[in-house]
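Enquirer: One structure follows; several queries about it will come next.
None of the figures in this text is laboratory data; all of them are computed from the coordinates on show. This structure is a prediction, so every number in the text was calculated from the model and none was measured. Using ideal geometry, Cβ is built from the backbone for each residue, glycine included, and neighbour counts are taken over all protein chains shown.
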Amino acid sequence: RKEVEQDPGPFNVPEGATVAFNCTYSNSASQSFFWYRQDCRKEPKLLMSVYSSGNEDGRFTAQLNRASQYISLLIRDSKLSDSATYLCVVTGSSYKLIFGSGTRLLVRP
Amino acid sequence: EPEVTQTPSHQVTQMGQEVILRCVPISNHLYFYWYRQILGQKVEFLVSFYNNEISEKSEIFDDQFSVERPDGSNFTLKIRSTKLEDSAMYFCASSAGTGTEAFFGQGTRLTVV
């Protein structure tokens with residue numbers, strides 16, 4: 001089983017749509033969870049950390065379910081600029097970051 | 001806003017040559033990392049570094065690779081004898097503490113010919 005699994009997509013949605021991404025992780029000892037975004041041929045950029053109680057940052061909402069080892073990201077009112085690859089990231093042993101393969105989002109006009 | 005900087009942005013080298021990729025982490029960060037991303041593939045962990053020593057390395061990080069913090073600001077990745085399969089984007093990252101978010105440099109695109 002992969003350490004971090006994501007649906008590769010692409011998710012192709014119109015502007016203004018709500019879209020949700022899911023991620024599962026295999027290591028129950030993982031302590032920290034993040035969503036990063038990556039534009040084509042650029043570095044990963046932190047989008048938001050994910051907390052057990054769930055958290056929201058503007059149009060973005062992240063949820064964590066430790067029992068199911070599942071993380072989600074909800075994007076409301078999608079913008080063209082949201083088009084990117086969204087990376088689910090968890091910490092492993094010695095707190096290194098382990099990346100999923102990413103979910104590609106395309107927002108069309 | 002503090003950022004991680006990497007040089008060069010692009011390096012082309014012949015197979016068998018040594019390359020050194022350079023990084024300046026965020027100044028008050030204590031944990032440093034190198035990751036790589038082969039075109040079209042996921043970001044892969046190479047090595048983590050804390051308190052002037054390697055804290056963890058992956059299977060990719062074999063004897064051809066080494067890291068160094070030669071002074072108080074730079075963090076380098078050396079590949080001694082490059083192979084074609086080393087062609088990738090190499091990202092340096094730093095974080096303030098264990099389990100906290102890491103911030104990435106813009107990457108060095110290494111092309112081995």
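Enquirer: Label 7 Å along Cα→Cβ of residue A:51; the range A:58-81 residues with amide nitrogen under 15 Å?
Expert: Flagged as within label range: A:58, A:61-65.
Enquirer: Under a crude label model (7 Å from the Cα following the beta-carbon direction), how far is residue B:63 from residue B:18 in nanometres?
Expert: The two pseudo-label positions are separated by 1.6 nm.
Enquirer: Report the far tail of the P(r) of chain A, meaning the percent of Cα-Cα pairs longer than 22 Å. Working shown, then result.
Expert: Working: 1526 of 5886 pairs.
Percentage above 22 Å: 26.
Enquirer: My understanding is that a pair violates if its Cα-Cα distance is over 22 Å; which of A:2/B:42; A:96/B:83; A:45/B:42; A:42/A:96 do that in this structure?
Expert: A:96/B:83
Enquirer: Hey, in the GNM for chain B with a 10 angstrom Cα cutoff, which one of B:71, B:63, B:86 fluctuates hardest?
Expert: Of the options given, B:71 has the highest mean-square fluctuation.
Enquirer: Please arrange B:29, B:10 by how many other C-beta atoms lie within 10 Å of their C-beta, fewest to most.
Expert: Neighbour counts put them in this order, fewest first: B:10, B:29.
Enquirer: D for chain B, whole µm²/s, Stokes-Einstein with Kirkwood Rh over alpha-carbon pairs at 25 °C and 0.890 mPa s: what number?
Expert: Estimated diffusion coefficient is 175 µm²/s.
Enquirer: Going by Cα centres, the range B:56-113 and the range A:6-78 are how many Å apart?
Expert: First find each Cα centre; the distance between them is then 26 Å.
Enquirer: Among A:24, A:85, A:61, which one moves the most in a GNM of chain A with springs linking Cα atoms closer than 10 Å?
Expert: Looking only at A:24, A:85, A:61, the biggest GNM fluctuation is shown by A:61.
Enquirer: Still on this structure: At q = 0.17 Å⁻¹, what is the base-10 log of I(q)/I(0) for the protein assembly as shown according to the Debye formula with one equal point scatterer per Cα and no solvent? Please give it to two decimals.
Expert: Log10 of I(q)/I(0), two decimals: -1.21.
Enquirer: Give, rounded to the nearest 20 debye, the magnitude of the charge dipole that the protein assembly as shown has about its Cα centre when Lys and Arg contribute +1 at Cβ and Asp and Glu contribute -1 at Cβ.
Expert: My answer is approximately 360 debye.
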